[in-house]
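S.K.: I'd like to ask some things about the structure below.
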Amino acid sequence: MTTENTEFDQELDDVTLENNANGEQLIVEELSVEEQLAQDLAKEKDKFLRLFAEFENYKKRTSKERIDLFKTANQEVLLAMLPVLDDFDRATVEINKSDDDNLKKGVELIHEKLKSTLVAKGLEQVEVRAGDAFNADFAEAITQIPAPSEKLKGKIVDVIEKGYKLGDKIIRFPKVVIGN
């Protein structure tokens with residue numbers, strides 16, 4: 001029996017007994033130092049890769065946010081300039097009625113310079129014309145009037161105020177009249 005016990009004791013030296021939560025004994029083999037270090041290294045590599053991936057995602061997200069901020073940073077200034085652009089449009093229409101060619105050329109030159117500067121900053125006009133189908137995602141209906149013809153029912157009859165967008169975002173919806 002001593003021979004059997006010594007063999008069993010030897011096996012226990014190679015194996016560690018642990019108790020789990022239920023008080024049962026589990027046999028867990030001891031890992032050699034190299035195996036333990038290999039497992040630790042694998043855990044650290046996994047942790048590093050996850051941290052690196054998270055940091056890359058953070059960099060991409062902040063870069064995208066920064067680009068979006070630069071795109072829309074001018075929004076308030078451009079919104080403030082839109083009434084001036086509207087006044088120029090109205091002035092151009094009225095000046096074209098006069099006979100003074102120098103006045104027409106001067107106002108048109110200033111008007112085009114203002115428009116080109118705003119376009120260079122990312123401002124685009126929302127294209128809406130009379131006769132187009134009304135879409136509430138791209139235009140704001142001011143009022144509805146009886147349609148002058150049958151084909152204009154549910155369509156845009158008149159554009160009261162132009163709309164503009166900055167990049168893909170509409171910053172001022174065109175104001176339109178719809179045929180009923």
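Every number in this text was worked out from the coordinates using simple rules, so none of it is lab data. Everything numeric here is computed off the predicted structure, so don't read it as measured data. Quick reminder, even Gly has a Cβ in these numbers, built from the backbone with ideal geometry, and neighbours come from all protein chains shown.
S.K.: May I ask which of 105/155; 121/175; 121/162; 71/97; 71/175 have a Cα-Cα span longer than 29 Å here?
M.R.: Working: 105/155 36 Å; 121/175 23 Å; 121/162 18 Å; 71/97 39 Å; 71/175 24 Å.
Checking Cα-Cα distances, 105/155; 71/97 exceed 29 Å.
S.K.: Can you compute the modelled spin-label distance between residue 129 and residue 63, with each label point 7 Å from Cα toward Cβ, in nm?
M.R.: In this crude spin-label approximation the distance works out to 4.1 nm.
S.K.: Please list 3J(HN,Hα) in residue order for the range 50-62, calculated via the Karplus relation 6.51 cos²θ - 1.76 cosθ + 1.60 where θ = phi - 60°; whole Hz, with x for glycine and proline.
M.R.: With coefficients 6.51, -1.76 and 1.60, one gets 5, 5, 5, 5, 5, 5, 4, 4, 4, 4, 5, 5, 5 Hz.
S.K.: Just report the Cα centroid separation between the range 33-64 and the range 83-117, whole Å.
M.R.: 62 Å
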